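To keep things clear, I will list the structure first and then write my remarks on it.
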Amino acid sequence: MPGKFVIKKGPTGKFRFSLVSTNGQIVASSQAYDGKAAAMRGVASVQKLAAGARIVDTTVAAPAPAAKPAAKKPVARKPAAKKPAAKAAAKPAAKKPAAKKPAAKRPAAGKK
């Protein structure tokens, strides 16, 4: 005996269907439909699509990609000798402020 679709009207006035197995357990439940005819179309759609539906198992690891040919090992090189830091490349030293010259004495303004 195959499973069955059971259509029910909920307290909100909307219709839903459930797919019930032969032992009475609910296997699938639908969304809420505004009318009974829409729920019936949902049942027909599930019947049509489920018959040929494929199984996608996401619980198994994906197969590893094909192995690439081994890359050549790089040739070992001696580490480059460290060059002394060039002074020109370093920050220029801050200039000392110029010493202040004594102000020139101005002749006192005389009365005329």
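Read-outs throughout are calculated quantities, based only on the coordinates presented, and are distinct from any laboratory measurement. What you see is a predicted model; the values in this text were computed from it and never measured. With ideal geometry, Cβ positions are generated from the backbone for all residues, glycine too; neighbour counts draw on all protein chains shown.
A few notes on this one:
- Rounded to the nearest 20 debye, dipole of region 4-51 from Cβ charges on Lys, Arg, Asp, Glu: 100
- Among LYS48, LYS78, the ranking by other beta carbons within 10 Å of each residue's beta carbon, starting with the fewest, stands as LYS78, LYS48.
- Each label point was placed 7 Å from the Cα along the Cα-to-Cβ direction; for LYS9 and ALA37 their separation is 1.6 nm.
- Given charges at Cβ of Lys, Arg, Asp, Glu: region 4-51 dipole, positive-most of GLY42, SER29, THR12: THR12
- Were the residues from VAL46 through THR58 laid out at 0.36 nm apart, the gain over their Cα-Cα distance would be 2.1 nm.
- Neighbour-count order for THR58, THR22, fewest beta carbons within 10 angstrom listed first: THR58, THR22
- Shape class for region 4-51: oblate, because the ratio a/c of the largest to smallest gyration tensor axis (alpha-carbon atoms, square roots of eigenvalues) is 1.5 or more and b/c is at least a/b.
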